[in-house]
Structure formats: C-alpha cells, structure tokens
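Novice: Sharing a structure below in structure tokens format, with a few things to ask.
The values are calculated or read from the model by the stated rules, or taken from the named source; none is laboratory data. Owing to the predicted nature of the structure, the values given are computational and were not obtained by experimental measurement. Please note: Cβ atoms are built from the backbone with ideal geometry, for glycine as well, and neighbour counts cover all protein chains shown. Side chains included, ligands, DNA and RNA excluded: accessible areas come from the protein's heavy atoms. Shrake-Rupley method; radii C 1.70, N 1.55, O 1.52, S 1.80 Å.
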Amino acid sequence: MKTVQASAPGKIILFGEHAVVYGRPALAVPVTHVQARATLETNKENGFRIIAIDLDRDYLLAEAASDDPLAVIVKNTLKYLGRTEPPDAVLHISSTIPLARGLGSGAAVSTAIVRALGEFLGQPIPPHQVSALVYEVEKLHHGTPSGIDNTVVAFAQPVYFVKGEPRPIIRRIRVARSLTLVIGDTGLVSPTRQAVGDLRRRWETDPERYEGYFDEIAVIVDQARVAIETGSLELAALGKLMNENQELLQTLGVSSPELERLIETAQRAGAVGAKLSGAGVGGNMIALTPAEAASTVAEALRVIGAAGVIITEVC
Ligand code: PMV
C-alpha cells in the first residue's frame, strides 16, 4: 500500500492583473495560509478513482466527461510521464482555497495533482513542467489565461511575469523588506472567464484607449517591482501605487461596489494602499498595511461583513 501527498498554495496578484492578458507585466505572490492538497493511495480495487470531497464528487477516471478538469489534468500528466494506463489508485482532493475568488484555487488543485502523480509514479516533475501542464487546464477554465496563476502556484515563489510566445518571461522577485497584506473576501464568486471576456469586448470597441490604460498599469508594475526588490520606496509610496492600480482597474470596469467598500474600509482602518486582486467584479481585495496595523484592518473588514480575511506576509 503506497500513499503520497502533495500540496500547492493559493496566490494573489499584487499588481497588473488584466493588463497581463494583453502582454503587460504583473507581480504575483503565493499565499501559503490556504492550500490545495492531493493524496494518492493504492486502490485495492481496479481503476483510478477521484474523490473531491469539497465538490462532493466520487468517480472513476474511466467514466469522467472528456472536459472534466480533474480528469484532464490526470490524463495529461500520465501522458507526459509516458504512461498509457493509469495506476490503480485513489486520488483524494481537498482545498482550503475559496473557489473562484481570485486566489488561484483551480491552479492550486491542478498543481497538487500533478505533483502527487509524479511522486506516486516515482517520476517527480520539475516546477516549469508542472506549470506547463496546469496551464493547459487553466485554458479550459478561463479561455485565454495569461499563465500567471499556474506560474506563481507551481513555482510557489513571488514572480514578475510577462506573457509571451513561445515562452513567458518569469523572474523570481526578491523581497527586500517583507510586506504585510490583509486579504478580504467579498464573498462574491468572480468567474475569470466572464470578467476577462467582458473586458475584451470593451477593448474591442476602443482598443487604443484600453491599450493606454494597460500601458499606465505597466508603468505602475515596473515601479512596484523596483520598490519591492530594492526597498527604495517608503511603504506609503508603495501603497499609493496600489491605489493607482486600483483606480485604473475601476476605469477598466472590473471593480464593483462590494470590492470598493472593502477597499475604502481597509484604507480608513490604516492600510496605506488597497486594490482588487485577480479577475475582480467579486472575489478578493488586498490591502497593504504597516505590520502593526494589520489586525485592526482585518477586524474592520470583518465588521463590515467580509466573507473571509487572511493576514499574510510577503517575504
Ligand atoms: O483567475 P484570477 O481571478 O486569479 O485572475 C486572473 C488574472 C487575470 O489577469 C484577470 C487573468 C489572467 O489570465 O491573467
């Protein structure tokens, strides 16, 4: 009887979401307080069984729909490993990452599965290959993903990311001075495909104007990258960049009253900057705070009804 376990963190985008789909840079960091976990154990019966407890699903790989994302990641990974038949195994999947809230739950579940399969079969898979396998499934969920989610989750490190063919630019970010972030959940589901698709339709009506907004976001991302890596800016100045990024996201039409309520509350409670993170419309916001203000900001968010609050350290 063999058992292996693998996990993968959630993620947040610090700067640059949406513009990253149009070739501009973005910064993302893992959030280890929330995790997806995949456990593989020998199946005493024949076949490969998938049990996803949070989704209330229990089924055989052989009977899965052809577009079932869990089955697709399993099959693609087996193919990559040169296996024509799945092993007789039970795959248990669980996750503490809220679904469809911009915290990268889909990428984390896929990443945990790829890693667990590699370990189970004695063929560990390197992070860039994990990322490539997860990206294929992200396309099923999101349509035209930039690839930032699978990258930050598979490498489990802060990254600077620019989408590109044939390969994206990925640079590890070294954080000069650790940053304290409070993540607040609106509780609203935020389907990335829809937010990205709606923005695409607005872009099509006036590409020049939207490209201009994306360029402005790119400037903010590059300033933030330098500031984070060198520690050259005061915290308040980095927070201001976050607020400026949020204003542009509002202009792009991907914010919402629910997000803005959390953002304003965080700012009033002591955050130096705040913005939505991920696809927007619903999902999560992030607030940059002095370390000593984090619990006050978190409490203020809870009081006005945030569905979930996480304090995290980026280092
Ligand atoms: O799926 P989310 O909510 O983490 O957001 C993805 C970020 C976007 O830039 C909006 C889309 C993408 O593919 O990069």
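Novice: Quick one: in the range 130-148, which of the residues that are open to solvent by 10 Å² or more (accessible area, probe 1.4 Å) and either assigned by TED's automatic domain parsing to the domain that holds GLY280 or more than 21 Å from SER277 (Cβ to Cβ) (or both) is nearest to the ligand (Cβ to nearest atom)?
Specialist: Top of the filtered list is LYS139.
Novice: Among the residues of the range 118-129, count how many are in contact with a helix residue (DSSP H, G or I) (Cβ under 8 Å, 6 or more places away or on another chain) and either of a type in the set (S, T, N, Q) or within 14 Å of the ligand (Cβ to nearest atom) (or both).
Specialist: So the count comes out to 1.
Novice: Could you tell me which numbered condition GLY282 fails, if it satisfies all but one of (1) open to solvent by 10 Å² or more (accessible area, probe 1.4 Å); (2) within 12 Å of the ligand (Cβ to nearest atom)?
Specialist: So the condition that GLY282 fails would be (1).
Novice: Give the residue that is surrounded by the fewest Cβ atoms within 10 Å (Cβ to Cβ), with candidates limited to residues of the range 6-64 that are touching a strand residue (DSSP E or B) at 6+ places or on another chain (Cβ under 9 Å) and hydroxyl-bearing (Ser, Thr, Tyr).
Specialist: Ranking the candidates gives THR42 first.
Novice: Residues in the range 118-135 that are in a loop (DSSP other than H, G, I, E, B) and either more than 19 Å from THR84 (Cα to Cα) or in contact (Cβ under 8 Å) with a residue 60 or more places away in the chain (or both): how many?
Specialist: 1
Novice: Considering each of ILE173, ILE169 in turn, give the residue that is over 15 Å from the mean Cα position of the chain (by Cα) and open to solvent by 70 Å² or more (accessible area, probe 1.4 Å). Don't jump to the end; show me each part of the working.
Specialist: Working: ILE173 fails: open to solvent by 70 Å² or more (accessible area, probe 1.4 Å).
The unique qualifying residue is ILE169.
Novice: Looking only at the range 149-163, count how many residues are open to solvent by 10 Å² or more (accessible area, probe 1.4 Å) and within 13 Å of the ligand (Cβ to nearest atom).
Specialist: So the count comes out to 3.
Novice: Open to solvent by 10 Å² or more (accessible area, probe 1.4 Å), within 16 Å of the ligand (Cβ to nearest atom), on the phi > 0 side of the Ramachandran plot and touching a strand residue (DSSP E or B) at 6+ places or on another chain (Cβ under 9 Å): is that true of GLY102 in this structure? Can you show your working first?
Specialist: Working: open to solvent by 10 Å² or more (accessible area, probe 1.4 Å): yes; within 16 Å of the ligand (Cβ to nearest atom): yes; on the phi > 0 side of the Ramachandran plot: yes; touching a strand residue (DSSP E or B) at 6+ places or on another chain (Cβ under 9 Å): yes.
For GLY102, the condition - open to solvent by 10 Å² or more (accessible area, probe 1.4 Å), within 16 Å of the ligand (Cβ to nearest atom), on the phi > 0 side of the Ramachandran plot and touching a strand residue (DSSP E or B) at 6+ places or on another chain (Cβ under 9 Å) - is met.
Novice: For residues that are touching a Leu at 6+ places or on another chain (Cβ under 8 Å), among the hydrophobic types (A, V, I, L, M, F, W, C) and within 14 Å of LEU252 (Cβ to Cβ), scanning just the range 207-237, find the one that is surrounded by the most Cβ atoms within 10 Å (Cβ to Cβ).
Specialist: ILE217
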